[in-house]
Amino acid sequence: MPELRLATIDVKPGAALESQSGLQMLRPRIYGAWRAPAGRKKIAAIVMHPASNFMGHYLIGPLAARGIACMGLNSRYTGNDTVLLMERVIQDLGAGVRYLREQGYERVVLIGNSGGAALASFYQAQAEQLTATHFADGDLTHLHPSDLPPVDGIALCAAHLGRSRLLRDWIDPAVTDEHDPMSLDPELDMYDKRHGPPYSAEFLARFSAAQQARLDRIEHWALERLQQLRSTPGAPRDQAFIVYRTHADPRCVDLSLDPNDRALGSVWGSGADGARQVNYSANAMGRTTSLTAFLSQWSSRSQADGPTNLARTSVPALLLTYTADQSTFPSTRDAWLQAGGERLSNIDIVGGNHYLAGQPALVESTADHLAAWLHTRFG
């Protein structure tokens, strides 16, 4: 197995207070871990997530063993997406692409795993045609085409559609008071057994409409609050806030909805009660955020929608669907396939859970499929 190497990459300064470390703020750097096979520097891959630490990703070693240099790259927001701006994350990803080009690799591809799928799609769409000149709050991004060298292909694994769509599907509409995590409208409580499972079409329609309404209310408040702050002399330009209960997807507890091979529960909690506990937990998707981060990541104004951006790209693409995934579903796969058109092919990893946790044979199978596609496409 090739030696594991550490990459330290300087990046441009970004959002204020993105780190409490003065050293990191003054000399912003990102870090990656990678393995480089011996021989010709033909193909290198980057696997990256907006906020998760991918330096120990399960594909780094297996791909290196199959002749593909693979880097798990971290963004400047690793471990804390409170002030994360997707437009800064693609800037970090671009620094990683440039790093591998400078190492002499002829082809660089992106592996978008989970939330990294929408990131990879956003990156390549902007690399092919830069349109993200402003953040969702209206400030200039100061992105330059040279920040985003295009890649040669995209592979998507257990691929979410993007953070804004994820929150749309997961936010709990039964919250009646945004300042009280225990507030509850029992008529919209999916964990109330009176409603299911199984859930009626009427309940699901009412539930979905209420999810959208709550998300719209939060977005409207965030925009108004941001305008208020920025029109008040001496006020800060941003503000942190909490979005309570962001894990209420009926598919977690009703396996007849969007059916695949998944088990009951969520990726973070088994069974119906496990999903409910995640919903009420102190830390979950989108729980703590700032006004600008909410707009960039979680709102309808986000520029990082996965399928929308994939449709804007022109490079070859591969989709690996994990069929026992508890957070991506057949409808998710269909949305990607529609966006990718003839450029995108799908391979089902039968029985694969979201993280391929405890499934070493499926990790090897996934690496086999990826390596075969990469070698066929790029030599």
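The values are calculated or read from the model by the stated rules, or taken from the named source; none is laboratory data. All values derive from a computational prediction rather than experimental measurement. Every residue, glycine among them, receives a Cβ derived from its backbone with ideal geometry; neighbour counts consider all protein chains shown. We work out accessible area using only protein heavy atoms, side chains counted, and drop any ligands, DNA or RNA first. Shrake-Rupley method; radii C 1.70, N 1.55, O 1.52, S 1.80 Å.
At a glance:
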{"item": "Spacing of the two label points (7 Å from each Cα toward its C-beta) at residue 182 and residue 231, in nm", "result": "3.8"}
{"item": "Whole-number percent relative contact order across region 266-379, with pairs defined as alpha carbons under 8 Å at least 6 apart", "result": "22"}
{"item": "With eigenvalues of the C-alpha gyration tensor scaled by 5 and rooted, region 185-278, Å", "result": "35, 15, 11"}
{"item": "Heavy-atom accessible area ranking, 1.4 Å probe, most first, across 182, 55, 48, 1", "result": "1, 182, 55, 48"}
{"item": "Percent of C-alpha pairs per 10 Å bin, the chain, short to long", "result": "5, 24, 33, 25, 11, 2, 0"}
{"item": "Extension gain (nm, one decimal) between residue 101 and residue 146, 0.36 nm per residue minus Cα-Cα", "result": "14.9 nm"}
{"item": "Mean-position separation - Cα centroids, region 81-140 and region 36-72, in angstrom", "result": "17"}
{"item": "Contact order normalised by residue count of the chain, Cα under 8 Å, 6+ apart, percent", "result": "17"}
{"item": "Percent antiparallel among DSSP beta bridges (both partners in the chain, rounded to 5)", "result": "40"}
{"item": "Inverse mean reciprocal Cα-Cα distance (Kirkwood Rh) of region 155-229, Å", "result": "14.1"}
{"item": "Set of aspartates and glutamates with alpha-carbon distance to residue 42 below 19 Å, sequence-local pairs under 8 removed", "result": "3, 102, 106, 152, 368"}
{"item": "Separation of alpha-carbon centers, region 234-310 and region 171-212, rounded to whole Å", "result": "15"}
{"item": "Gaussian network model of the chain, springs between alpha carbon atoms under 10 Å - residue of 45, 118, 339 with greatest fluctuation", "result": "339"}
{"item": "Selected from 42, 12, 193 as most flexible by GNM, with the chain as the system and alpha-carbon contacts under 10 Å", "result": "193"}
{"item": "14 Å Cα-Cα reach of residue 12 towards aspartates and glutamates, excluding residues that sit fewer than 8 places from it in its own chain", "result": "87, 92, 147"}
{"item": "Kirkwood hydrodynamic radius (C-alpha pairs) into Stokes-Einstein, region 309-366, 4 °C and 1.567 mPa s, D in µm²/s", "result": "107"}
{"item": "Most mobile listed residue (73, 226, 110) in the chain, GNM with C-alpha springs under 10 Å", "result": "226"}
{"item": "Fraction of alpha-carbon pairs over 20 Å apart in region 226-379 - percent", "result": "64"}
